[in-house]
1. May I ask you to derive the FRET efficiency for R246 and N191 from their Cβ-Cβ distance with R0 = 30 Å, giving the value to the nearest 0.05?
2. Largest first and in whole Å, what are the equivalent-ellipsoid semi-axes of the stretch 91-180 based on the Cα gyration tensor, each being the root of 5 times an eigenvalue?
3. If I model the stretch 124-235 as equal point scatterers sitting on the Cα atoms and use the Debye formula, what is log10 I(q)/I(0) at q = 0.14, 0.17, 0.19, 0.20 Å⁻¹?
4. L201: net charge of surrounding residues, Cβ under 9 Å, Lys/Arg +1, Asp/Glu -1, itself excluded?
5. Per the Kirkwood treatment, what hydrodynamic radius in Å, one decimal, follows for the stretch 144-198 from the mean inverse distance over all distinct Cα pairs?
6. Cα atoms only: what Rg and Dmax, in Å, come out for the stretch 182-273?
7. Between R166 and R267, what is the label-point separation in nm under the 7 Å Cα-to-beta-carbon projection?
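No value in this document is a laboratory result; all are computed from the given coordinates. From a predicted model like this one, the values you see are computed outputs, not experimental measurements. Glycine gets a Cβ as well: all are built from the backbone with ideal geometry, and neighbour counts include every protein chain shown.
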Amino acid sequence: MTETWCGAGNGDSDGDDRIGRRDAARGRGSWGGFTSVVAVGGQRRPSQLGPRVTAVGGPLHDVWRDRRGRGASDDLSAPGADDLAREVDDLHAIIGHVGEAVHVLAHSGGAVCALDAALQGADVRTLLLYEPPLDVSPDFPRGLGDRLQRCADTGDMEGLLVTFLREGPRVPDAEITAMRASPSWQARLANSMRIVREVRLVEGYQPDRQRLRAFERPVLLLVGSATPAEHVAAVDFLAAELPNARVVTMQGQGHVAMLTAPEVVAREVISFD
């Protein structure tokens, strides 16, 4: 069964009111002796990540977390210095609601939020991170947030989106041209301001290396063989710092294997514990 939680727009961080809940349905299953999986997306919604895994793994208490400004969340606030802290608070509230140690499956910017929550003591059974973007190599697109903000300040949403696609996930121009011709392009433009928030959040994050070295829970680090170099560097950095981490390279995949090869992601996640 599934619960979907979403970041509330009022910024309240007191109790469960900090996040809204919808479509709640309680269920129990098993996976490695535990029953709950919390899925946290990046630019993609967790509903594109969690169902593929739970479909393979059997019935679970499956919690999808719509992050602030995404999905059913009504948080439309501008990017701020406390964005990561609010995301981490939300995750602590969700895990506290579940009431048991959870598996946390997270992608991209969502993996940054999940990592920080775990390092701050969230009750995590296993941490499953798919290419968290970290500024640990020269390949990281430093200054991207400022470039995107300049586009936003002039109302150039198309420029904002194209700049992000080129410099963030490094989508080839031919693919961007095809994306522009697709029916979903206008929806992407309408939601492009959330990209600025995500990039600012990622740019401002540096994991505490002492906490990384002291974190003993099992960590699965997923990376694609065809992904941009900065993601490989981030996974290598975490693998060197975390004492109980395992790296799995998904051959032929990039940053969105949950869309291009969901069965591969599901197989690696379900087999890890």
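1. Efficiency, from the Cβ-Cβ distance: 0.30.
2. Working: eigenvalues 215, 40, 37 Å².
Those come to 33, 14, 14 Å.
3. -0.68, -0.92, -1.07, -1.14
4. Values: positive: R197, R200; negative: D83, E87, E198, E203.
Neighbour charge sum, excluding L201 itself: -2.
5. Working: mean 1/r = 0.0896 Å⁻¹.
By the Kirkwood definition, the hydrodynamic radius is 11.2 Å.
6. Answer for the stretch 182-273, Rg first and Dmax second: 15.8, 47 Å.
7. 3.8 nm
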